[in-house]
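Q: Next up is a structure, given as structure tokens.
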């Protein structure tokens, strides 16, 4: 009888902890999504410094948020911070190798920096994934070579 009573007490002691941990995790994901959405709004408003801040907060809450890296890279690019943009696109691609937008955007950043071989490689990868903008960029670069 004492054994059953002990098991019940232990169950009730640890049950709320696991529920709390799960709720905390959901809350972090929800907050990351809210910061991500704020970042998108700042991007639309062309307030890239605030967009970078918002995407950075989303990433801090959810470090595997590939699309937040892609979008922060876009904000860095629009701020003229091409190396930081490339770093974020690299991270996005490492987290999600099927992120065609990250390949295309990284290609654009490489192109601006004059590294056309890397740009072409990224455009081709994006195009192979069905990204129309990547295909157009690839076609344009190859025509102008």
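Q: Collect the residues in the stretch 56-82 that are farther than 11 Å from residue 35 by Cβ, over 8 Å from the mean Cα position of the chain (by Cα) and in a helix (DSSP H, G or I), keeping them in residue-number order.
A: 73, 74, 75, 76, 77, 78, 82
Q: In addition: In contact with a helix residue (DSSP H, G or I) (Cβ under 6 Å, 6 or more places away or on another chain) and within 28 Å of residue 141 (Cα to Cα), is that true of residue 82?
A: Yes.
Q: Report the residue count in the stretch 85-98 for those that are buried (at least 17 other Cβ atoms within 10 Å of the Cβ) and closer than 20 Å to residue 48 by Cβ.
A: Selection size over the stretch 85-98: 7.
Q: Of all residues in the stretch 97-118, how many are over 27 Å from residue 64 (Cβ atoms) and assigned to a helix (DSSP H, G or I)?
A: Start the filter on the stretch 97-118 by keeping residues that are over 27 Å from residue 64 (Cβ atoms), which leaves 111-117.
Okay, now just the ones that are also assigned to a helix (DSSP H, G or I), so 111-112, 116-117.
Number satisfying all stated conditions: 4.
Every number here is computed from the coordinates shown, using simple stated rules; none is lab data. Everything numeric in this text was worked out from a predicted model, so none of it was measured. A quick note on method: Cβ atoms are made from the backbone with ideal geometry, for glycine too, and the neighbour counts reach across all protein chains shown.
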